[in-house]
1. Taking the Cα-to-Cβ direction at residue 112 and at residue 35 and moving 7 Å from each Cα, how far apart do the two end points lie in nm?
2. Quick check for you: which residues of segment 22-53 have the amide N under 13 Å from the point 7 Å beyond the Cα of residue 95 toward its beta carbon?
3. Based on the mean of other Cβ atoms within 10 Å per residue, sort peptides 129-142, 44-57 so the most packed one is first.
4. Between residue 75 and residue 141, with labels modelled 7 Å along Cα→Cβ, what's the label distance in nm to one decimal, could you check?
5. Let me know the shape class of segment 95-191, please: from the alpha-carbon gyration tensor, a ≥ b ≥ c as square roots of the eigenvalues, rounded when a/c is under 1.5, otherwise prolate if a/b is greater than b/c, or oblate.
6. Under 8 Å for C-alpha pairs, at least 6 residues apart: give me the relative contact order for segment 33-191, rounded to a whole percent.
7. Please report the relative contact order for segment 119-187, taking Cα pairs under 8 Å with a sequence separation of at least 6, and give it as a percent rounded to a whole number.
8. Taking the highest mean first, how do the peptides 91-101, 109-119 order by number of other beta carbon atoms within 10 angstrom per residue?
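Every read-out reported here was derived from the displayed coordinates using simple, explicitly stated rules and does not represent laboratory data. This one's a predicted model, so the numbers in the text were calculated from it and none came from an experiment. Positions of Cβ are generated from backbone atoms using ideal geometry, with glycine treated the same way; all protein chains shown enter the neighbour counts.
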């Protein structure tokens, strides 16, 4: 899938080069702090915006899932979680993270419309509405929306490799989406 586990915004912004090592270091610091609170890092971004440099850290609840058991997807990151991580990460960054420009630290959750980056994410959110963009059309469609009803592991004939298929219900129909052709996926906000 085209979504990386860490959206490291690399390149040169306004004459400042952002290195992969620098962002990996910031993520490492955030990982240490998040683990202390029973959380994990979903993403880290450092980018130049109109307000200046922004270091964004997205935290998430730790979910232990091997895709064979049901998971509890009801626990969400709280404002208090964000505040605690922000306070502690800020203190450690001040000592261990060198960046030649002032920056704003933001800590938040991935959001209600969070990206789905792995088949395990889909398993975690069984029962939720999601939207998938695929590289190869399924039933003539490259955009599919529906309720996630399951994740199937299918063995290939040519090897012992197992491929994940996301099963979604779209109205009265059921679609099986090979995870290998998913280019983007995210939860839909339900009101």
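1. It is 3.4 nm.
2. 33, by backbone N distance to the label point.
3. My ranking of the peptides, most packed first, is 44-57, 129-142.
4. 3.4
5. Values: a/c = 2.52, a/b = 1.70, b/c = 1.48.
Because a/c hits 1.5 or more and a/b exceeds b/c, segment 95-191 counts as prolate.
6. Relative contact order here is 20 percent.
7. So the answer I get is 34 percent.
8. 109-119, 91-101
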